[in-house]
Structure formats: structure tokens, C-alpha cells
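The structure appears right after this line, and notes come after that.
The values are calculated or read from the model by the stated rules, or taken from the named source; none is laboratory data. Only a predicted model underlies this, so the values are computations on that prediction, with no experimental measurement involved. Backbone-built Cβ (ideal geometry, glycine too); neighbour counts: all protein chains shown. With ligands, DNA and RNA removed, areas are computed over all heavy atoms of the protein, side chains included. Shrake-Rupley method; radii C 1.70, N 1.55, O 1.52, S 1.80 Å.
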Amino acid sequence: MLITGGALADGRVRDVRIDGETIDAVASDLEPAADERVIDARGKHVLPGAIDVHVHFREPGGLQKETWKTGSRSAAAGGVTTVVDQPNTDPPTVDGGSFDAKAATAAEDSLVDYGINGGVTAAWRPEELFDRPVFALGEVFLADSTGEMGIEMDRFEDALDRATAAGVPVTVHAEDADRFDPDALSGDLGGVGRRARSERWSAFRTPDAEAAAVERAVAAGEDVEGHVHIAHTSTPEGIDATAGTGATCEVTPHHLFCSTDDCDRLGTFGRMNPPLRDPDRRAAVFERLRDGRVDVVATDHAPHTAAEKNRTLTEAPSGVPGVETMLPLLLAAVRRDELTLERVRDVTARNPASIFGLEHKGAIEAGRDADLVVVDLEDPSDIRAAALHSKCRWTPFEGMTGVFPEITIVRGHVAYERDTVIGVESFGDPIGENARARDPIGAVDDADGGR
Ligand SMILES: NC(=O)N[C@@H](CC(=O)O)C(=O)O
Ligand SMILES: [Zn+2]
Ligand SMILES: [Zn+2]
């Protein structure tokens, strides 16, 4: 396959040749072979596929919300070529059996590459997890969120020790429930669904609760020289607490593009953990994305059905979908001159690949996996839930502008393609192999780094 005439994120115009699953050459004036498929990318951009290190695909146990089939379709249609699934499924991914079962489903059904995380609860079996190609521990919940997997600090430190010994990063949901403000949930919380006063959720799960937990998690990581990755930092304070430490941080699209100003519009559909923050904090988080202090953008794609969300503020589950709209929203921000394309490339591909040791991914270079996206920055569209592919059928970004991929290629396979004239879409077949670079302990190594 040959992609011709597209611009890379840095503006250089190059042809990209794919041979099997890898990038064979990145050069000017590559000639197509006799029966080679040619994709004309003139006037468009070719980007490395996005690596979303934080999704909840809900299988097993939440199939009404999402499955590996629907979640990976949504990923492919949004230019995400690798996802990392979190362990708060039912049953949770905390032992060998649950890991193997989830890995088997993903191998059967996923259209994109994937890693599978191992969770930490009182019932977790670390030896079994570390005996498998677990991508990372996490998200380790320092406070309860969906799935009620919150743990105490001593268990977290034990998990960090074990992960560090096994050479595995630890992704942390950093909120300190002792610093939540229960008073914020007394009084009138509005009606159900969009009539709920979800700014109360933001007042309940305070910015201070995040900063305090980030500080603790980062300090614990430094103590053992382990790798702590803070999930979904939603405040400038949280991001700044990782600066100059060994820890890395991630920010979600909803904390970048929504704030408490959206609570009236969203109601419980804007309830998530950590919650939406005030407009000043949102702007400060965006500024840190722009200037390089944010390491990774990941979605925390956390679908729930509209029926599940259509309850009162205290009854509705936390979480919003986002895997399909991350790259489109970021590319629309590039169009508005709020971000550079290189920055988008770095936080969606280059940085997650280097932080999590995916040395075959994250860049358009000969020898790397052919995980590629072709986008036309001159072809923005309105985000509409009806056009998205997640099983949950709604989006908090309804009506915002996005730049959606025309074609998404995962290890040389076309995972998603859209005819830009008639709009017809098609998907490829499951990819069937774990993306993780780490070798299972005790397993026979292979030249490919254990993938
Ligand atoms: N973010 C959320 O509000 N919910 C997530 C869990 C999580 O990431 O904390 C979910 O799985 O629903
Ligand atoms: Zn979380
Ligand atoms: Zn999450």
C-alpha cells in the first residue's frame, strides 16, 4: 500500500509505503508497484494513529454500554489505532482468569491494537497478573469511581512495589475522598438527566481532592523509583504536582473542551470522575496542553447508556464516552490555531508510545507498525451522536466541531474508511494480537519484544 503526497505533522510532504504490517519507507516520489493500492493524500495530512491509554470497553459485564466490537469500531472511526482497557469490568480484571478471558474477547473482536490493564483490589492476584502480558496496573483507584474499586494507600504502595519489581507502570485515578465536600450534595440537586444540577458534582469532588492524591501518588512513586502515570488530571494543580518528578500525566478531551459552563446543557450526562472544572481551571489545563506540560491526552472513554444516565445526580453513573471524538476535537483546535499539529501528534501518539514502551508505535518511520490516519483539515464537521459508533449513542460533545479521519490503518490493515463524497463507511476485520511490548514473565521471548 502506498499513501502519496500527504503532509506529516511537521509539514513535510512525503509518500509512505506500507509493506505488510510495517512502514517500509517514508520518502519523496515513491513509485507505485503494479497492483499496489494507492491512497491519494495530496492536500491532506498523514498522522500516526492515536494511542488511547485509557478506555473502558465494558466487556465483560456491561455489554449494554459497550463491547470490544463497538468500542474498537468507535476507536477506528476516530483515528485511534491502539487502546488500553481498564480493569473495572464485571468481573474486574484482577487475576489470571479474568485477564485471559478479556484478552480472548479482544483478540476475537478488536479492530484496533490493544493493551489490557490489571486492577488492584483486596482480591487481586498479582502473581497471576504479572505472569501475563499486563500492559500496566491500573487504573488503580485511590477513591471509588465506577466499579467501586477504591483502595487504601498501603495497598497502593504494595501494588506499586510489585509493579516496579515487574517493570510495569502504574496508572492512578488520583482523588482523595477525605477531601470531598459532602455538603455540596445536600439541598436541591435538580431533576433527572439533563435537568440535574451537575455543577454540584464538581463542587463535591473538589480540585483539592485531586491535588492531594496526585501529590501522594507521585511521592510514593518517587520512593520506589517506580513509574506512576496519573490518569485524567483535571486541574492545573494536579498537572503541576507531576512536574519535575518521575511521574507522567494525562488529560481527557472533556476536561479540555468542557467546563462547569456545560453543566446546564449536560446535567448527569456531564457527571464524571474527576468532574468538570470551572472555566478558569479548564483554560489553565488547556494552556498546559499547549505548552508541553501535559504528557498525554487519553479519553477515559467511559460509556453508559442514556437510560442509565437519565437518573438523579446521585443515582446516575459517572463517565462519558470519548474515544471517537478525541482526535477530531484536537484537530479542530489546530484549525482554530489553539494547538499545533505537532503537539497533537506528540500527546496522542509519540508520548504515549514512549511512556509505555511501545517502541514499534507512535511515529511515521520505516520499521514501525503501520498505524496511520489520513485527515483533511479542510473538512470539518459537526459532531453528532447519531454518526458515532459507540454503543451508548450519545456524546457530551454534541454540536462541537471535529475533523474526522478519512481512513484509519492499523498495522497495515484498513480498519476504517469513509468515502468523502457519498459518506459511506466501512470497517476491516479484527486485528487479533496484543499490542503490549512487555514480555510475560517466564515466557519465551521473541524478537518482537513479546508482542
Ligand atoms: N471516569 C468516570 O467517571 N468513570 C469511569 C471510571 C473512572 O475512570 O474513574 C467508568 O468506568 O465509568
Ligand atoms: Zn478514573
Ligand atoms: Zn477511567
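Which of the peptides 217-230, 267-280 is most tightly packed, and how do the rest follow, judged by the mean count of other Cβ atoms within 10 Å per residue?
Values: 217-230: 20.6, 267-280: 22.9.
With the highest mean Cβ count within 10 Å placed first, the list reads 267-280, 217-230.
Compactness ratio of the range 2-436: Cα Rg over 2.2 N^0.38 Å, N = residue count?
My calculation over the Cα atoms of the range 2-436 gives 0.93.
Sorted by average packing, counted as other Cβ atoms within 10 angstrom per residue and highest first, what order do 183-192, 365-374 take?
Averaged packing, sorted descending, gives the order 365-374, 183-192.
Nearest-5 percent of antiparallel DSSP beta bridges in the chain?
On the way: 27 of 52 bridges.
About 50 percent, rounded to the nearest 5.
Roughly how many nanometres apart are two label points built 7 Å out from the Cα toward the Cβ at Glu152 and Glu108?
My value for the distance between the label points is 3.9 nm.
Nearest 20 debye, what's the magnitude of the dipole of the range 13-135 about its Cα centre given +1 on Lys and Arg Cβ and -1 on Asp and Glu Cβ?
520 debye
Of the heavy-atom accessible surface of the chain (probe 1.4 angstrom), what whole percent is carbon and sulfur?
45 percent
Starting from the 7 Å offset along Cα-to-Cβ, what nm value, one decimal, do you get for the label separation of Asp280 and Ala366?
In this crude label model, Asp280 to Ala366 measures out at 5.4 nm.
Just to verify a number: FRET efficiency for Glu287 and Glu398, C-beta to C-beta distance, R0 = 22 Å, to 0.05?
Once rounded, the FRET efficiency stands at 0.30.
If you place +1 on the Cβ of every Lys and Arg and -1 on the Cβ of every Asp and Glu, how big does the dipole about the Cα centre of the range 2-436 come out, in debye to the nearest 20?
The calculation lands at about 1100 debye.
Take Ala177 and Asp40, extend 7 Å from each Cα along the Cα→Cβ direction, and tell me the distance between the two endpoints in nm.
Distance between label points: 5.9 nm.
Along the principal axes of its C-alpha atoms, what lengths does the range 40-196 span, in descending order and rounded to whole Å?
Over the range 40-196, Cα extents along the principal axes are 58, 46, 29 Å.
Rounded to the nearest 500, what is the 222 nm mean residue ellipticity of the chain from helices alone, with -39500 (n - 2.57) per DSSP H run of 4+ residues and division by all residues?
Rounded to the nearest 500, it is -7000 deg cm²/dmol.
So, R0 is 25 Å and r is the distance between the beta-carbons of Asp419 and Arg336; what FRET efficiency does that work out to, to 0.05? Don't skip to the end; give the middle numbers.
Values: r = 27 Å, r/R0 = 1.08.
Here the calculated transfer efficiency is 0.40.
Taking only pairs that are 8 or more places apart or on different chains, how many Lys pairs in the chain have Cα atoms under 22 angstrom apart?
Close lysine pairs found across the chain: 8.
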